[in-house]
Amino acid sequence: MKKPSEQIDLHAEAFLLDWENYSADELANESMIYMRDMLDAAIYWDMPEIKFVHGKGKGVLKKMVYDELSIYKNQGAISHYHPAYHNEDIVIVVIGF
């Protein structure tokens, strides 16, 4: 498992080569799969935190990200998460306790 970057862009054009061929729902789903993969890798590598860029838009991706992070927190996989102080388009996930 490759160690992820400290900041991950969840916009499909950042990690999918053929993102134009996906529907909006498919893109959101791919972003969530990518987020889970990167978060799982960050946990595996015992990174203290990781940042995810979800952007503004209509807030659909942001809600999905926060819902998923809630599950990780409830399962004890992460400590907590919060919007970046300088940019609300980014969520900071604190992994260590």
Specify the residue that is farthest from Gly96 (Cα to Cα); the eligible residues are those in the range 7-37 that are open to solvent by less than 40 Å² (accessible area, probe 1.4 Å) and in a helix (DSSP H, G or I).
-> Leu27
Flag if Val60 is open to solvent by 80 Å² or more (accessible area, probe 1.4 Å) and of a type in the set (Val, Ile, Thr) = yes
Of (1) of a type outside the set (A, V, I, L, M); (2) modelled with pLDDT of 95 or more; (3) surrounded by 11 or more Cβ atoms within 10 Å (Cβ to Cβ); (4) under 14 Å from the mean Cα position of the chain (by Cα), Gly55 fails just (2)
The strands (runs of 3 or more DSSP E) lying entirely within the range 47-94 that contain at least 2 residues which are over 13 Å from Met35 (Cβ atoms) are 80-84, 87-94
Could you tell me which numbered condition Ser31 fails, if it satisfies all but one of (1) at positive phi; (2) within 12 Å of the chain's Cα centre (by Cα)?
-> (1)
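The values are calculated or read from the model by the stated rules, or taken from the named source; none is laboratory data. What you see is a predicted model, and the numbers here were worked out from it, not measured in a lab. Here Cβ is always computed from backbone atoms with ideal geometry, including for glycine, and neighbour counts include all displayed protein chains. For accessibility, only protein heavy atoms count, side chains too; no ligands or nucleic acids. Shrake-Rupley method; radii C 1.70, N 1.55, O 1.52, S 1.80 Å.
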